Amino acid sequence: MDVLFAPFEVGTADRPFVVAQLGQSLDGRIATLSGDSKYISGASALDHLHRMRAEVDAVIVGVGTVVADDPLLTVRRVKGCSPARVVLDPSGRVPIQARCLRDDGVNRIVISRTETRAPDAIEILRLPANGRTLCPRTIVAALGRRGFRRLLVEGGARTLSSFIDAGCIDRLHVLVAPLILGSGKSALDLKPINALSEALRPTTQAYVLPDGNVLFDCDLRRTASDATS
């Protein structure tokens, strides 16, 4: 499925290519009410996520994901190099012992609006904020200036939603697992709309993975009407 990764190559330092991913249940949940989320996605979906990491220059997560899940954000399930790891931490609450901040030879960046504690050799990038919120467009531009041409926004729901609302996502990979939770945390929380005509309708291709998970490759730069016109 190399066709899924070919679009990544258009990224430049002036205009980084930004892909986002989310793994969810059939009913659009990413965790139970207690916060249990490992692992909603099946093995093939996790393999795909690691392949995505291997295809980008930097992976971005919000501090909430770091606190809740303590992810490694490395490439382990497929061949390839681990990308730089970027934590969005506007209020300076990232745990200094977080596993994604460990020194394993890759760049580690914490983006914040305040003084932030971090281990040595971690870059602290301070950007202007609107209240407690960092601007996704400013983040993408700042990472582009550091030479990152391909960015993966991996989570969590609030971070991913903010990047979509800001129009910063070029491609969205939605991995749907064949299970129903019935309650729990929703995958996205976008700005409300009043009419279906305002809904996002990206051009989308679907791929059934070997274990029944389904990958939706959504081109957020093209609508379904563009594909048929």
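Summary of computed values
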item	result
Residue list for segment 110-145, filter: in contact (Cβ under 8 Å) with a residue 40 or more places away in the chain and in a loop (DSSP other than H, G, I, E, B)	Arg132
First in segment 62-88 and in a strand (DSSP E or B), second anywhere and of a type in the set (Phe, Trp, Tyr), Cβ under 8 Å, 6 or more apart	Ala84/Phe148
Residue in segment 40-54 that is touching a Cys at 6+ places or on another chain (Cβ under 7 Å) and either surrounded by fewer than 14 Cβ atoms within 10 Å (Cβ to Cβ) or farther than 30 Å from Ser183 by Cα (or both) present	yes
Matching residues, segment 39-62, being modelled with pLDDT under 95 and among the β-branched types (Val, Ile, Thr)	Ile40
Pick from segment 73-109, criterion among the hydroxyl-bearing types (Ser, Thr, Tyr) and more than 22 Å from Thr138 (Cβ to Cβ), ranking: surrounded by the most Cβ atoms within 10 Å (Cβ to Cβ)	Thr74
Test for Cys168: is it buried (at least 18 other Cβ atoms within 10 Å of the Cβ), out of contact with any Asp or Glu (no Cβ under 6 Å at 6 or more places or on another chain), part of a loop (DSSP other than H, G, I, E, B) and modelled with pLDDT of 95 or more	yes
Test result for Val10, of a type outside the set (Asp, Glu), exposed (fewer than 14 other Cβ atoms within 10 Å of the Cβ) and either at pLDDT 95 or above or out of contact with any Pro (no Cβ under 8 Å at 6 or more places or on another chain) (or both)	yes
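The values are calculated or read from the model by the stated rules, or taken from the named source; none is laboratory data. Given the structure is predicted, the values throughout are model-derived calculations rather than measurements. Positions of Cβ are generated from backbone atoms using ideal geometry, with glycine treated the same way; all protein chains shown enter the neighbour counts.
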